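Shown next, in structure tokens, is the structure this report addresses.
Read-outs: derived from the displayed coordinates by stated rules, not from any lab. These numbers come from a predicted model, not from an experiment. Cβ atoms come from the backbone with ideal geometry, glycine included; neighbour counts cover every protein chain shown.
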Amino acid sequence: MKPVLTALAAWALTAVAAQAQPTLPAPNFPSFGSVAEVQTRCDAGLQGARQRVAQLEKRRVDAGWLAAYDDLTVYLEDHQGPNDFILNVHPDKAIRDAAQACSLRWADFGSSLGQNEKLYRALQKAPRKDATDAELVRLASGQFEDSGVALPKAKRERAKQILDKLIELDQQFNKNIRDAGTRVAFTEAELKGVPESVWAKARRDDQGRILLGVDYPSYVPVMRSAESGAARERMWRAKTNEGGPANLELLAQIVTLRGEYAALFGFDNYVDFNLRRRMARDGATATRFLDSVTGAVNEREKAELQELRAAKAQHVGTPLEQTQVERWDATFYGERIKLQKFSVDQNAFRPYFPPQASLEFALRIIEKTMGVKYQRVANQLWHEEVQTYVVSDAASGKPIAQMYVDLYPRDGKYNHAAVWPLRGSATRIARAPAASLVVNFDRTGLTLDEVETLLHELGHAVHVNLSNTRYAATAGTTVMLDFVEAPSQMLEDWVYDKQVLKLMQQVCPSCKPVPDAMVEQAWAAKQYGKGGLFGRQHLYASYDITLHQSSKPEPLPLWARMEGATPLGHVPGTLFPAGFGHIAGGYGAGYYGYLWSLVVAMDLRTAFAADKLSPEVGQRYRERVLGQGAQKPAPELVKDFLGRESNSQAFFDYLKK
């Protein structure tokens, strides 16, 4: 059913129509109107890819060889990329399933390409005119080598089998979550405290109970606000058990295969194999880093738990010594403490941040800081609510990128928040990059936490869109995985800056300004709960590393043991690893990168300390960090921007506040 157009949305569309429409940089995102179209595109795309590989194999290795190699990257982005993305967002399950089947065929092609000895040898011989060319060769050589190109024949064949299987298992893992359609039934009485806007229009079962999904616009308000502990428990268990026992089996297979894969290269664990080309370099370094974090937050986490116990005892009227805080209590009582201590109710921010206006506000921050302009244009995409923006350079007016935005939840859609880098920049052919920002927001408005999430994800899209690299293969977010989150995390606390928040009235004059006092209270409240927040992130990262160092991985027993050692303990019967999609996919043995990147992000923020909207600092950041993609190693990017080596001082100062 088509949603009712709100007055604010109507205003936004009128404003769009009134603007001069910029040219949409080609190519546009392809149509996926039917299963047949998916299959036809798949067949044609793979045929074209094989032809291009054959041509590249025969090509003379001369000064133009690296450009020809990058042309293949461009082709794959334009033909494989849209298919691999659409399986996460298309509203038609049959089309998602067809795209998933095609994705496995592309994976088979990709694993073969990664072991192409002719291209690997040619790459080593390719002339390099400067450091940018040399870095492309270094990175591409590492990708070939990680795919097994230099292994003996038998090991090379096994490596390909494993790579293909890992793609299949990861896709099935995510499909089990995406297509589960989980609904939790509640009476109206059980939802006491939850904003009516969350559940008033929800479907009901034949007993008249309200059916809520475990998407974030439903899950978070229930966990924050539901007075009923039983209601919170049912919602928490449903979310925590996403994926079910089948995903535990898949995760065990994934980790086992990764261990076998690392052994083919002479490593005794996947962690050291996976980290050797990243900032951390090896598992020991990553573990030492995590230990330094837990040392700083451990006592704080225990103290916070005592406050939660006291808050629960007061609320339910039980003696403190007999009160136990459960997993499903932590968020609820944490919010009550924030309300009592700081007068902060996240739901109170929703009227100030309508979703569309919040998006425009986030875009205006980037416009003011980084010298660009976003203009929404009419465009037919995979769903009628998806928006298209053209990104132009403000100084020249030249269109430089595209961005697609998918704001609201729906059945079968990826149910977290993420950005897909659909196309990378390539200045050698004037190629405009494109990114797709996918979130799941409440239509009635955003909390300040959700505005943070929006800025975080927009940071990834900006990293893609403002890339200005010679080669698509080194564009945007192709940087080291333990750096890739830093440009996004850097922007998160922009929402607490009063000067920044004034931009909201520029994009939405009819929106009430959020009171300064609310923002100050929210910032004070943000300092509360760091022990629990970073303790949990430490657990996720440590679990990921420990799991991938196990000779016989058992995901659930390990999780139960490690979570059981934390102050809140483990709840028997829950299956958190079954929904831990990050480590089933690209963040396997790399989840520590979120904390590692945060340390870098906080150091990057120091350059904006005097003025978060400084166009001078923003332009330097755009040119020296975002624009460079992976043309330089991540530590060099940070040093070029800050004028010094990066350090952890800002992060540990923040932990002490």
Q | Three principal axis lengths of segment 425-518 [C-alpha, angstrom, descending] | A | 48, 28, 26
**Q.** Principal semi-axes in Å for segment 421-579 [√(5λ), Cα gyration tensor, largest first]
**A.** 33, 28, 13
Q. Under a point spin-label approximation (7 Å from Cα along Cα-to-Cβ), what is the Thr23-Lys657 distance to one decimal in nm?
A. 4.6 nm
Q: Please give the peptides 486-495, 205-214 ranked by average Cβ packing (other Cβ atoms within 10 Å per residue), highest first, as a rough proxy for protection.
A: 486-495, 205-214
Q: Starting from the Cα gyration tensor of segment 492-650, take the square roots of the eigenvalues, sort them a ≥ b ≥ c, and report rounded, prolate or oblate (rounded when a/c is under 1.5, otherwise prolate if a/b is larger than b/c, else oblate).
A: oblate
Q) Could you give me the ³J(HN,Hα) list for segment 643-657, computed from phi with Karplus coefficients 6.51, -1.76, 1.60 and θ = phi - 60°, whole Hz, x at Gly and Pro? A) x, 7, 5, 6, 9, 9, 4, 5, 5, 6, 5, 5, 5, 7, 5
(Q) When only alpha-carbon atoms are used, what values of Rg and Dmax, in angstrom, describe the chain? (A) 24.6, 81
Q.
What number results when the radius of gyration of segment 144-192, computed over Cα atoms, is divided by 2.2 N^0.38 Å?
A. 2.19
Q) Any idea how far apart Arg183 and Ala67 come out in nm if each label point goes 7 Å out from Cα toward Cβ? A) 5.8 nm
(Q) At 7 Å along Cα-to-Cβ for each site, give me the label-to-label distance between Ala94 and Ser34 in nm. (A) 1.0 nm
Q: Subtract the Cα-Cα distance of Lys129 and Ala54 from 0.36 nm times their separation in residues, and report this length gain in nm to one decimal.
A: 24.5 nm
(Q) Could you tell me the ratio Rg/Rh of segment 98-203? Both radii from Cα atoms, Rh via Kirkwood. (A) 1.32
Q: Quote to one decimal, in nm, the extra length available between Ala430 and Glu384 on full extension: 0.36 nm per residue of separation minus the C-alpha distance between them.
A: 13.6 nm
Q) How much FRET efficiency would the formula 1/(1 + (r/R0)^6) give for Gln649 and Ser141, where r is the Cβ-Cβ distance and R0 is 30 Å, rounded to 0.05? A) 0.25
Q. What percentages, rounded to whole numbers, describe P(r) for segment 285-414 computed over all alpha carbon pairs with 5 Å bin width beginning at zero?
A. 2, 8, 11, 11, 10, 10, 10, 14, 11, 8, 4, 2, 1, 0
Q) At q = 0.15 Å⁻¹, what is the log10 ratio I(q)/I(0) for segment 468-562, with the Debye formula run over Cα points and no solvent? A) -0.91
Q: Please turn the phi angles of segment 404-413 into ³J(HN,Hα) values with the Karplus equation 6.51 cos²θ - 1.76 cosθ + 1.60 (θ = phi - 60°), one per residue in order, whole Hz, x for glycine and proline.
A: 9, 10, 10, 8, 10, x, 7, 4, x, 8
Q: Just subtract the alpha-carbon distance of Asp43 and Asp291 from 0.36 nm times their residue separation and send over the number in nm, one decimal.
A: 84.3 nm
Q: Using a Förster distance of 30 angstrom, determine the FRET efficiency expected from the C-beta separation of Ala284 and Glu307, and round it to 0.05.
A: 0.25
Q) P(r) of segment 35-150 in 5 Å steps, Cα pairs, percent per bin? A) 2, 11, 20, 20, 17, 12, 9, 6, 3, 1
**Q.** Shape of segment 184-240, Cα gyration tensor, a/c cut at 1.5
**A.** rounded
